[in-house]
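All remarks here apply to the structure that follows.
The values are calculated or read from the model by the stated rules, or taken from the named source; none is laboratory data. Owing to the predicted nature of the structure, the values given are computational and were not obtained by experimental measurement. Positions of Cβ are generated from backbone atoms using ideal geometry, with glycine treated the same way; all protein chains shown enter the neighbour counts. Note: areas computed on protein heavy atoms with side chains; ligands, DNA, RNA excluded. Shrake-Rupley method; radii C 1.70, N 1.55, O 1.52, S 1.80 Å.
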Amino acid sequence: MSLPKVQHYFDHNATTPVCLEVRQALPELSLAWGNPSSIHWGGRAPKNILRDARRDLAKALEVSPLEIIFTSGGSESNNTVIRGLFEYLQVSPYLSKEQKLRHHYMCSTVEHPSVMKAMQHIQALGARVDFIPVNRKGQIDLNFFRQHLSEETALVSVMMANNETGTIFPVQEMAALAHAKGALFHTDAVQAFGKIPVDLAELDVDFASFSGHKFYSVKGAGFLYSKKGSQLSSLIQGGGQERHRRGGTENVLGIGCLGVVARRLPQVKDRAHQLTVLRDYLERRLLNEMNEVTVTAGESLRLPNTSSLVISGADGETLLMSLDIEGYAVSTGAACSSGNPEPSPVLLAMGLSRSEAQNSLRLSLGWETTLQEIDEFVDVLKRVVQRLRSLREDQGDHCHV
Ligand SMILES: Cc1ncc(COP(=O)(O)O)c(C=O)c1O
């Protein structure tokens, strides 16, 4: 398949480009091809790469290096917490009387499938699971949360920021409420990290998931923050890697790249400001210059880079394909569900109708997005939407004949 002549990327929540620093570091990292578990000379360089990346990520998050468990990314980290805790509470011979009573789990209705499906999995194995509703503005129902949280709750898992709408959840407040009942708290920080500051000490969560390919590193490497003293069964049984918390020879190249990005993270605040300016400008232009366009959860606290639009009269899939031909990469929902014609479960869970969800377009900007690109995009979008709407009108007229 041929690539379009111009390529503009507005799909950074699906994945980000690999940044220059990582690309430059790759050749040298690849020379450390030994097994980090080897005690001979071959193991030294890869072991140092793991140690440095762990140290630098821990420094960026102001946590202890021992609290970082390297994984293959967000999905594995999320599964590790939910399934790992469930299993630990089922099989560990060292549980307190109080721990033995904890069979209840909670998450929001708009979590990533790796959280939703892990929750459904443990539900099928006997756990009691409650899904906390989220309203049209993307705000989580804290009353429902308070009412259902109890001394039986083992774990609450609520994402820091939603991948489809960018809405940011009150993780700090919810973690405090969970802790007051003795429950553990996990946040999927995959979309937040690199876009907004993530202060784990302030949030006071027990677990947090991260994925390299969402913050300008390579795919297949991420990590789980697991607060000191937290107990989980390992999802992957194997050698004693990661202090027996994740079996399997480490992805040294991918982990080395995580370390490279960790060293440039202090710029996040500036980047967030720059992205907010661009995103707000994009939305202002669309709302001023187009009819029947709304921003989903536009009035809520959101990631600086994300805009989820409902464009009535323009089917999201058709719009995506038309924009692709023009060289623009956008999304109609989570990338993992692309190719699936069903409307996004996240938007439906927020209370959007099927047709609103089907007419949704997600734009997610990145560190390299420019004002000029946005201006050009708005002009192309207006033209494409006008064409799709007039085609629809023609078809509608035809039907009435
Ligand atoms: C919020 C969220 N969590 C988890 C994931 C999964 O991460 P990974 O692709 O590293 O498995 C994604 C990816 O889209 C995501 O957006």
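Sorted largest first, the principal axis extents computed over the alpha-carbon atoms of region 36-94 equal 41, 29, 24 Å. Rounded to the nearest 20, the Cβ-based charge dipole of region 109-209 about its Cα centre (Lys and Arg +1, Asp and Glu -1) stands at 300 debye. Under a model in which nothing but the beta-carbon of Lys, Arg (+1) and Asp, Glu (-1) is charged, the chain shows a dipole of about 1260 debye around its Cα centre.
Only helical runs count toward this figure. For the chain, summing -39,500 (n - 2.57) over DSSP H runs of n ≥ 4 and dividing by all residues gives -13500 deg cm²/dmol at 222 nm.
Comparing region 61-171 with the 2.2 N^0.38 Å rule of thumb, its C-alpha radius of gyration ratio is 1.12 (two decimals). Think of region 245-401 as having a plus end and a minus end, set by charges on the Cβ of Lys, Arg, Asp and Glu; of GLY313, PRO343, GLY259, GLY259 sits farthest toward the positive end of this dipole.
Taking amide H as placed 1.01 Å from N in the peptide plane, ASP11 has its amide H under 5 Å from the amide H of SER364, each at least 5 places away in sequence or on another chain.
Per residue, region 1-133 exposes an accessible area of 53 Å² to a 1.4 Å probe, with every protein chain left in place. Farthest towards the positive end of the charge dipole of region 1-75, among the residues GLY34, SER64, SER75, is the Cα of GLY34, using unit charges on the Cβ of Lys, Arg, Asp and Glu.
Please list 352-361, 321-330 highest first by mean number of surrounding beta-carbon atoms within 10 Å per residue.
By packing density, highest mean first, the sequence is 352-361, 321-330.
Inter-label distance, LEU125 to THR276: 4.2 nm, where each label sits 7 Å from its Cα along the C-beta direction.
Take the Cα of GLN267, go 7 Å toward its beta carbon, and the backbone nitrogen atoms of region 189-228 under 17 Å from that spot belong to 193-197, 214-218. Here is the tail figure for the chain: Cα pairs spaced more than 27 Å apart come to 53 percent of all pairs.
The residues of region 233-366 expose, per residue, 43 Å² of accessible area to a 1.4 Å probe.
Derived scalar couplings between HN and Hα for region 97-114 equal 4, 5, 5, 5, 8, 8, 10, 10, 10, 9, 8, 7, 7, 10, 5, 4, x, 5 Hz in order, rounded to whole Hz, by the Karplus curve 6.51 cos²θ - 1.76 cosθ + 1.60 (θ = phi - 60°), x for Gly and Pro. When all protein chains stay in place and ligands, DNA and RNA are ignored, the 1.4 Å accessible-area order of TRP367, TRP33, largest first, is TRP33, TRP367.
Our coupling estimate for region 273-278, obtained by passing each phi through the Karplus curve with A = 6.51, B = -1.76, C = 1.60 and θ = phi - 60°, is 5, 4, 5, 4, 4, 5 Hz, Gly and Pro reported as x.
With θ taken as phi - 60° and the Karplus curve 6.51 cos²θ - 1.76 cosθ + 1.60 applied, the whole-hertz 3J(HN,Hα) list for region 191-201 is 7, 7, 4, x, 10, 10, x, 10, 10, 5, 5 Hz, x standing for glycine and proline.
At a temperature of 20 °C and a viscosity of 1.002 mPa s, determine how fast region 196-281 diffuses translationally according to Stokes-Einstein, using the Kirkwood radius over alpha-carbon pairs as Rh; express D in µm²/s, rounded to the nearest whole number. Once the numbers are plugged in, D ends up at 142 µm²/s. Taking 0.36 nm per residue of separation and subtracting the Cα-Cα distance, full extension of the segment from SER38 to THR109 would add 21.1 nm.
Mind checking which of VAL171, LEU381, LEU361 is farthest towards the positive end of the chain's charge dipole, using Cβ charges of +1 (Lys, Arg) and -1 (Asp, Glu) about the Cα centre? Value: VAL171. Listed by chain and number, the aspartates and glutamates whose C-alpha is less than 17 Å from the C-alpha of LYS382, apart from same-chain residues fewer than 8 away, are GLU283, GLU289, GLU292, ASP315, GLU317, ASP324, GLU326, GLU373, GLU393. Diffusion coefficient of region 240-326 by Stokes-Einstein, Kirkwood radius over Cα pairs, 25 °C, 0.890 mPa s: 145 µm²/s. Just the protein heavy atoms count here, and of the accessible area of the chain at 1.4 Å, carbon and sulfur take up 54 percent. Counting only alpha carbon atoms, the long axis of helix 171-180 and the longest principal axis of the chain meet at about 40°.
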